[in-house]
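K.L.:
Just dropping this structure here.
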Amino acid sequence: MIQKLDRHVWEQAAKQIAFWKEKYEITIPVSVNVSRIDLYDPELEEIFMDILKKNGLHFSDYHLEITESVYSEDTDLIINVIRNLREKGFIIEMDDFGAGYSSLGMVSVMPIDVLKLDMAFARNVDKNAKNYRMVEIMKDIAGFMDVSVIAEGVETEEQYRLMKKAGCDYLQGYYFSRPVPPEEFEKLFERK
């Protein structure tokens, strides 16, 4: 069932991006999750290409989010699938980075564009200097790999301030908004 559910979410997300693109005349990129089982589907690339074509989207409009744990098994096969998607032009985000699955040596060969730091980093960044330094180190690793960093789970003003100070490129979390339906998101977007 996960593949059917994923495909439904992918299609709905693409329709929403296309709707916003027409309504606001700008692109609001959306990231969609890709599960481990999806990566074994030989038609995966074709499915995504069809979704983009059907909705008039560009690769940069539609990001693919892959959990760090996906890379822990069948490494060569998974990396090849992800590399092919990336070479087509998709933005690949590694979700939950630092949750404990990847070795540092492994991270250097992963074909990604964005590291999304696990929310534990934001949750603990204001607890002590060691936790803050860990965020800086993750940012240094991302800099070495030439990828952007998104800090997940930012909930307080202090976490926001420290994650920005540590050099995170983007922040997400309840500090900005809880997850909301598209109509409520539009209200937030229109206020800006």
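K.L.:
Evaluate the range 88-99: report whether one residue or more is in a loop (DSSP other than H, G, I, E, B), closer than 20 Å to Lys164 by Cβ and outside the structural domain of Ala166 (by TED's automatic domain parsing).
P.N.:
yes
K.L.:
Check the range 119-129 and report whether any residue there is farther than 17 Å from Glu93 by Cβ, without any contact (Cβ under 8 Å) to a residue 12 or more places away in the chain and either assigned to a strand (DSSP E or B) or hydrophobic (A, V, I, L, M, F, W, C) (or both). Can you show your working first?
P.N.:
We begin by selecting, within the range 119-129, every residue farther than 17 Å from Glu93 by Cβ; these are 120, 123-129.
Next cut, without any contact (Cβ under 8 Å) to a residue 12 or more places away in the chain only: 124, 127-129.
Filter again for either assigned to a strand (DSSP E or B) or hydrophobic (A, V, I, L, M, F, W, C) (or both), leaving 129.
Scanning the range 119-129, I find at least one residue that is farther than 17 Å from Glu93 by Cβ, without any contact (Cβ under 8 Å) to a residue 12 or more places away in the chain and either assigned to a strand (DSSP E or B) or hydrophobic (A, V, I, L, M, F, W, C) (or both), so the answer is yes.
K.L.:
Suppose the filter is among the charged types (D, E, K, R) and surrounded by 14 or more Cβ atoms within 10 Å (Cβ to Cβ); does Glu45 pass it? Step through it out loud before you land on a result.
P.N.:
Values: among the charged types (D, E, K, R): yes; surrounded by 14 or more Cβ atoms within 10 Å (Cβ to Cβ): yes.
For Glu45, the condition - among the charged types (D, E, K, R) and surrounded by 14 or more Cβ atoms within 10 Å (Cβ to Cβ) - is met.
K.L.:
Could you check the range 48-76 and list, in sequence order, the residues that are modelled with pLDDT under 90, buried (at least 18 other Cβ atoms within 10 Å of the Cβ) and not polar (S, T, N, Q)?
P.N.:
Residues satisfying the conditions are Glu68, Val70, Tyr71.
K.L.:
Out of everything in the range 3-42 that is closer than 21 Å to Ser69 by Cβ and of a type in the set (Asp, Glu), what residue ends up being surrounded by the fewest Cβ atoms within 10 Å (Cβ to Cβ)?
P.N.:
Asp41
K.L.:
With respect to the numbered conditions (1) out of contact with any strand residue (DSSP E or B) (no Cβ under 6 Å at 6 or more places or on another chain); (2) at pLDDT below 95; (3) surrounded by 16 or more Cβ atoms within 10 Å (Cβ to Cβ), which one is the sole condition not fulfilled by Ala142?
P.N.:
Going through (1) out of contact with any strand residue (DSSP E or B) (no Cβ under 6 Å at 6 or more places or on another chain); (2) at pLDDT below 95; (3) surrounded by 16 or more Cβ atoms within 10 Å (Cβ to Cβ) one by one, Ala142 breaks only (1).
The values are calculated or read from the model by the stated rules, or taken from the named source; none is laboratory data. Keep in mind that this is a model prediction, so the values were computed, not measured. Cβ atoms come from the backbone with ideal geometry, glycine included; neighbour counts cover every protein chain shown.
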